[in-house]
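Below is one structure, written out as structure tokens, with a few remarks after it.
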Amino acid sequence: MNSASPDKQDPSVIADPWSALRAFTNARIALGRVGASLPLRESLQFRLAHAHARDAVYSILDLGTLRAGIEGLGHTTEHVQSQATTREVYLKRPDLGRTLHENSRQAIEALSQTVSPSIAIVLADGLSATAINHHALPVLTLLLKRFAAKTLTVAPIVLASQSRVALADEIGALFRTRLSIILIGERPGLSSPESMGAYITFNPQPGLTDEARNCISNIHPQGLPYAAAAEKIFYLAHTALRLQLSGVHLKDNDTPRLG
């Protein structure tokens, strides 16, 4: 029996002249065609990619693995929940994902009485907890080493469920930090269901909007590699603390190495 794919057996499949570009991107380009339709292989791959994206939206944080990894780095953790108590509420009410549940707010307030950190770091599920489960620890490991080398103190690492980006503003304000960093699962796409983003905010306070933050997106092995992502985050964080600003006023000038 011939094990070749149906598309390769079918002489009616018309190749796309852009096929060579597929070596440089995961984007859905140069798919070929059969008459006016996609080849069967590409149609099935689209359905699989769509299923992976849907699964990512409903994935949950692997709290045990994340806690163990962070504790292995010598840091403590705190798990918090936004006011969106279920995934369905989270997806329908983005505003509730931006504010801590009362119990979580009290827990952070209690922690803040015992520490005086410069930076708050949050690992948040966002729209793809899978991204955090796979990519947060490698980036965090590199980042914490850079902060330690500059004697920058970090609050207990916060693991946030049903979280939007702005939740880090409230957490940073409760810890009274000069800077907040949130690593969060980005909206999954058909070529990347587990992409992680990072947002850096100087002087975090509730009510801030996106122009107050710097964003680094597409963090995963097929996108922005871990080492490059950690370098960019460190550069922006270090520069934000030095210049006392972030967002539209802080530019990423090719991320020079700071030693």
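The values are calculated or read from the model by the stated rules, or taken from the named source; none is laboratory data. The model shown is predicted, which means the values in this text are computed figures rather than measured ones. Neighbour counts are summed over all protein chains in view; Cβ atoms, including those assigned to glycine, are modelled from backbone coordinates with ideal geometry.
Data table
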quantity	calculated
Only listed residue being of a type in the set (A, V, I, L, M, F, W, C), part of a helix (DSSP H, G or I) and in contact (Cβ under 8 Å) with a residue 60 or more places away in the chain, chosen from Leu159, Leu152, Leu137	Leu137
Restricting segment 17-39 to residues that are surrounded by 12 or more Cβ atoms within 10 Å (Cβ to Cβ) and more than 31 Å from the chain's Cα centre (by Cα), the residue that is nearest to Gln222 (Cα to Cα)	Gly32
Options Leu190, Leu142, Leu152, Leu179; residue that is in contact with a helix residue (DSSP H, G or I) (Cβ under 7 Å, 6 or more places away or on another chain), over 16 Å from Leu245 (Cα atoms) and at pLDDT 95 or above	Leu142
Qualifying position, being within 16 Å of Leu61 (Cα to Cα), of a type in the set (Gly, Ala, Ser) and buried (at least 24 other Cβ atoms within 10 Å of the Cβ), among Ala120, Ala136	Ala136
Members of segment 195-206 found to be assigned to a loop (DSSP other than H, G, I, E, B) and either crowded, with 24+ Cβ neighbours inside 10 Å or aromatic (Phe, Trp, Tyr) (or both), listed by number	Ser195, Pro204
Every pair of residues 6+ apart whose Cβ atoms lie under 8 Å, when the first sits in segment 216-241 and is under 14 Å from Thr141 (Cβ atoms) and touching a residue at least 60 places away in the same chain (Cβ under 8 Å) while the second is buried (at least 18 other Cβ atoms within 10 Å of the Cβ) and among the hydroxyl-bearing types (Ser, Thr, Tyr)	Ile219/Ser195; Ile219/Tyr226
